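The values are calculated or read from the model by the stated rules, or taken from the named source; none is laboratory data. Given the structure is predicted, the values throughout are model-derived calculations rather than measurements. Neighbour counts run over all protein chains shown; Cβ positions are idealised from the backbone, glycine included. Keep in mind that these areas ignore ligands, DNA and RNA; they rest on the heavy atoms of the full protein, side chains included. Shrake-Rupley method; radii C 1.70, N 1.55, O 1.52, S 1.80 Å.
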Amino acid sequence: MQDRTYTADAEPGQHATVAGWVHELRDLGGIAFLIVRDTTGKIQVKLEKDEMDDELVETGLDAARESVVTVVGDVEEEPRAPTGVEVVPESIEVVAEAETQLPLDPSGKVGAELSTRLDNRTLDLRRGEGQAIFEIRSEVLRAVREEFRAFHATEINTPKIVATGTEGGTELFPITYFGEEAFMNQSPQLFKQLMVGSNLERVFEIGPIFRAEEHNTPRHLNEATSIDFESAFFDHTEAMDVCEAIVKAAYEAVEQNCADQLETLGLAEEFEAPSGEFPRLSYEEAIERINATGELDEQLVWGDDLPTEGEHALGQDVGEHYFITDWPSEIKPFYIKDHDDDETLSTGFDMMHPRMELVSGGQREHRYDRLIEGFEQQGLDPEAFDYYTKMFKYGMPPHAGWGLGGERLIMTMLGLDNIREAVLFPRDRQRLSP
Ligand code: AMO
């Protein structure tokens, strides 16, 4: 519709065609108002029963809520209208009629269960709040891409159907690939590493990861969006610097460009981009601080992974984004490099929001012999990863990188209770459709 005017752009004096959904009919007797909604907002269409064409008025009055209509008419100033203007129609056409019984109320006045909303995402995202979340998500991804480009990183796309997994053998979804067993990839880890040995040197990817985890929690998905980074000639501290810059860039873009969406979500006042440096705590300090909170029944000892309650207690204590560095080597994956002066300590790091982990990363083991040893120690057959390991024989530079959970970034940024709010069509234990 080339001549269509968005409701937000309608100005007095225009002869306009507006197109959208019937949000509401306000019938006051002699006069009625049809409220038409589109992606930019809402506009009032005036129906004067005695003065306008009967058929026109009737079409407007009979249009069921959520039907798609196009209205042609003059835009006039009307201070009493919600947006200060109204359309005086000369034609109203119902382009697609909606049934009167809807599975949920898109105006949001009547609440609906999350599962009902996800089953009817199209209707659900006619609500301003849902629309705002996905507009913010889009802005975050735009800003992240731009920031990566400013760091001279090249965007790559790596295969999602793979022969082997990296993040622990039990969490893969198997598929059949021309009669052979294959898997949905859990992480672009090995592929992004292979690219730092190419002349691309510094790469990023924004793409799906698949995790066959049994988890059924508000912060786990079985298909998530991972924002991955990897750079040649970087150590873990340089990778952390980029990680911090990317997260800050995402927040700043939302602060600058999403004022309306934040307002819709009720966050206009409280939203604040992180400004200071993210504190960097060692794993040792982290467990000491968790133990000191007294929140855990049992004290943590060196070598323990951090339990969720421990992360919460520490998050509350720190109160802002922070890194946990220098993890015990034994609880980090084989591809993470140990410190040269202490092999019990890894260069692996996590970046945390006070509510949860957002990022894992580290410097990688680039020495062929050490890498093979790492595979064996982790119980993985290096032969199966030959396509990866052999490239380490042909000049693989030292390198580092990380993976950031896209939905967790949005969830924590907007204070969403459930990660599913930040995905259009979540995949979880119960949900494979739509
Ligand atoms: P990891 O497995 O820690 O590391 O994943 C990195 C980040 O991805 C997000 N994430 C998830 N989000 C929602 N649901 C899930 N099931 C899920 N799993 C992971 C989290 C997590 O911090 N290859 C390494 C990264 C690297 O070292 O570069 C990796 O995948 O926010």
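Classify region 7-96 as rounded, prolate or oblate, taking a ≥ b ≥ c as the square roots of the eigenvalues of its Cα gyration tensor: rounded when a/c is under 1.5, otherwise prolate if a/b is larger than b/c and oblate if not. In terms of gyration-tensor shape, rounded. What length, rounded to one decimal in nm, is gained on full extension from K49 through to E90, with 0.36 nm per residue of separation minus their alpha-carbon distance? Gain on extension, K49 to E90, equals 13.4 nm.
Solvent-accessible surface (1.4 Å probe) assigned to L28 amounts to roughly 120 Å². Projected over every direction and averaged, the convex hull enclosing the alpha-carbon atoms of the chain yields 26.1 nm².
For region 372-434, the set of chymotrypsin sites (Phe, Trp or Tyr not before Pro) satisfying both a DSSP loop assignment and a count of at most 12 other C-beta atoms within 10 Å is given as Y394. Derived scalar couplings between HN and Hα for region 273-278 equal 6, x, 10, x, 5, 5 Hz in order, rounded to whole Hz, by the Karplus curve 6.51 cos²θ - 1.76 cosθ + 1.60 (θ = phi - 60°), x for Gly and Pro.
Are there GluC sites (Glu not before Pro) in region 194-253 that DSSP puts in a loop and that have at most 13 other Cβ atoms within 10 Å, and which ones? Mind showing how you got there, number by number?
Working: sites: E201, E205, E213, E214, E223, E230, E238, E244, E252; in loops: E201, E213, E214.
Taking region 194-253 and a limit of 13 other Cβ atoms within 10 Å, the loop GluC sites (Glu not before Pro) found are E214.
Cross-link check: pairs K192/K393; K337/K393; K49/K109; K337/K390; K42/K109; K42/K248 evaluated at a Cα-Cα cut-off of 26 Å; pairs beyond the cut-off: K49/K109; K42/K248.
In percent, how large is the relative contact order of the chain, given Cα pairs closer than 8 Å and 6 or more residues apart? Don't skip to the answer; put the middle values down first.
Numbers: 817 pairs, mean separation 53.9, N = 434.
12 percent.
Centroid-to-centroid, using Cα positions, region 193-218 and region 308-376 are 16 Å apart. Residues K42, K248, ordered by accessible area of protein heavy atoms at a 1.4 angstrom probe radius and largest first, appear as K42, K248. The order of W327, W302 by accessible area, most exposed first and with a 1.4 Å probe, is W302, W327.
Computed from label points 7 Å out along Cα-Cβ, the spacing between E277 and E76 is 6.4 nm.
Where both bridge residues fall in the chain, DSSP classifies roughly 90% of the beta bridges as antiparallel.
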